[in-house]
Amino acid sequence: MVPWRGHWGLSLAAACPSPAELGTGAVGWGSAAATVRRPSAVPKPSAHPPPGDFIALGSKGQSGEGKAAVTLLKPAPPGLPSERKRDAAAALAGPAGLPGLTKRPKLSSTPPLSALGRLAEAAVAEKRAISPSIKEPSVVPIEVVPTVLLDEIEAAEAEGNDDRIEGVLCGAVKQLKMNRAKPDTTLYLSLMYLAKIKPNIFATEGVIEALCSLLRRDASINFKAKGNSLVSVLACNLLMAAYEEDENWPEIFVKVYIEDSLGERIWVDSPHCKTFVDNIQTAFNTKMPPKTMLLHGEVGRSGGDLSAGSSPHPSMTEEEDSQSELLIAEEKMSPEQAGQLMPRYEDLAESVEEYVLDMLRDQLNRRQPMDNVSRNLLRLLTATCGYKEVRQMAVQRLEMWLQNPKLTKPAQDLLMSVCMNCNTHSSEDMEVISNLIKIRLKPKVLLNHYMLCVRELLNAHRDNLGTTIKFVIFNELSNARNPNNMQILYTVLQHSSEQAPKYLAMVFQDLLTTKDDYLRASRALLREIIKQTKHEINFQAFCLGLMQERKEALYAEMEFKERFVIHITDLLAVSMMLGITAQVKEAGIAWDKGEKKNLEVLRSFQNQIAAIQRDAVWWLHTVVPSISKLAPKDYVHCLHKVLFTEQPETYYKWDNWPPESDRNFFLRLCSEVPILEDTLMRILVIGLSRDLPLGPADAMELADHLVKRAAAVQADDVEVLRVERIQLIDAVLNLCTYHHPENIQLPPG
């Protein structure tokens, strides 16, 4: 069982030692660890003596203490309550423990609540008071003096009187409820001890109801004034102890969780209740953003590339600011905690989901000004994003919440949670992605966080990549274009450098299948994408994507198949020319002047063009015939165009790009390239094929031209043609044989 960490960071293990350990009188109260410290030199207590009959026993005269301490475990003889009390005090208030008992450290278990920041929530919680769906405790409580609680339980257990055990525990809970601000020390330590040795006695309906009543908002107490969450933390950990082994938890836990989430968040945010809360959250199947990821945005604020400077963000309350340093340390779960975490609501999944969705709809549909939405509602939405309906509800309002300075931080967390949980690729999630793409953000801080979230969205499901690219491109071509589209594409291309160009190419294919002629728009869009993403795209992967055969019905029933092939060919030529970056241009000009600088860039570009041309010839040889039977003139035009042996005006007639000053230079850079063996071989095979409209003589002439063109580029650092297959020579010889025309009648013999 996990050590229970109470208000002063004490743990059940430390607070409920074995009889032998009790004898040492040195239980480590102040430590957050569950270890029992045995100081060699016991410091003198510096605080006032504890209240009541507590008597502190020092390091001297400890020999009799072991015996005295054992009375804590056995029923005391009747009529000796004060004796018993004193022994308990002696055992539990060793010198090391004294300062902890009498003087609470400043670090409270819940962060200080800023009064102004939560006025709105107090009003909302006030109206709601206690949700009617949670029953009041039904067992009649039996109140006993805290000092005899253990004896009463043992006596009732000996008699087998379960109702009395339940009544006594409910009575103890009632006493805690009456004194929330300053609960009786003996009482809560006794309950902790019982939870350690007999967790099962707490797992009855009456006790559960009573403990849950401690977790609910008590309208009579203003926690903001007291700030003491000890009773709530105790209740959580008693419930955790009782239900640790149980796989099916009661629905009432979810109900009190939602109530506290929307209200004061007294125990929901307490690190001492983390295990209990995490187990309740398994009901929602939500993948929660790691705290460190949520802090990325914070850290970034003071980073060099952000304009916000290092001043604290207006949306952060002091509590969040102070918490942010602690969070990274808290992030790692101990193996023990991980072992306690398991799905607890598989059997009640449907009713829990229905309850949560009803509560959230009720909150979101209230008639209230949108800027009056509480931060806690956003936090609850963040925790329940495992439900696709929650993602849909949240994404429609996110843009507004992100732009509200009071809600920025929780809204950023919610955005991250929506993206991380968008993992079904159902129609609902596609709608969520569509809405995410439309969110417009201006501040650099928000934009950087948004891009982090886009990366998480791409990780959440493999099909999200293609959907995201498609929606971004369609949005870019719409009338309501989002100014962040290019930045999203840049992020996507960086995140998935292998797959993204392929999906981008598929969207361009889709555009070219439409009835309207989208070639001019596609050329302009492609140029814009390459410019805005700083040429950081894998051109070869993109071009290969344009040439992939598509099996969807849309393609089989396409009306303008010939036009589609011609337009794809044009985009291939544009893509090859777009690969000319400023560095390639500079290197090309230097090479013309006979200078050899930046040659690697130029060679890399030339090899890229050679590879794309090889793929294009493969496409014309194997894929194009299956799409459509092109007219011979069009087929030959496409082949010449991808090899840059077509008339210059065919490359820029659509939109006058490349501009006049660069035209000839660009065309020359793309044509003066090496030729790969595969390209040459396929051209010869196309010439030999009876089904393809390139004749043997034309194929021979084209091959001859390409070899001569490549030879002109020959240099020490570039291999312009390497042939290893002897079949190439056979193909050349076969092309040279005389084929008599098929339509003439020859005399016999």
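General observations
- Relative contact order for segment 330-489: 18 percent, from Cα pairs under 8 Å spaced at least 6 residues apart, divided by residue count.
- Taken as Cα centroids, segment 156-220 and segment 547-598 sit 75 Å apart, rounded to the nearest whole angstrom.
- Each peptide among 255-267, 237-249, 714-726 gets the average number of other Cβ atoms lying within 10 Å of its residues, and from highest to lowest they stand as 255-267, 237-249, 714-726.
- Pairs beyond 21 Å (Cα-Cα), from LYS515/LYS641; LYS531/LYS641; LYS502/LYS585; LYS438/LYS470; LYS502/LYS534: LYS515/LYS641; LYS531/LYS641; LYS502/LYS585
- Computed from point charges on the beta carbon alone (+1 for Lys and Arg, -1 for Asp and Glu), the dipole magnitude for segment 394-433 about its Cα centre is near 280 Debye.
- Solvent exposure of segment 676-723, expressed per residue, is 53 Å² of accessible area, with all protein chains present and a 1.4 angstrom probe.
- Seen through its C-alpha gyration tensor, with square-root eigenvalues sorted a ≥ b ≥ c, segment 514-554 comes out oblate because a/c lies at 1.5 or above while a/b is not bigger than b/c.
- What a 1.4 Å probe finds exposed on segment 581-703 is 51% carbon and sulfur by accessible area, rounded to a whole percent.
- Loop-resident sites, segment 666-719, for trypsin sites (Lys or Arg not before Pro), counting at most 13 other Cβ within 10 Å (DSSP): ARG690
The values are calculated or read from the model by the stated rules, or taken from the named source; none is laboratory data. Note that this is a predicted model, so its numbers are computed, not measured. Quick reminder, even Gly has a Cβ in these numbers, built from the backbone with ideal geometry, and neighbours come from all protein chains shown. With ligands, DNA and RNA removed, areas are computed over all heavy atoms of the protein, side chains included. Shrake-Rupley method; radii C 1.70, N 1.55, O 1.52, S 1.80 Å.
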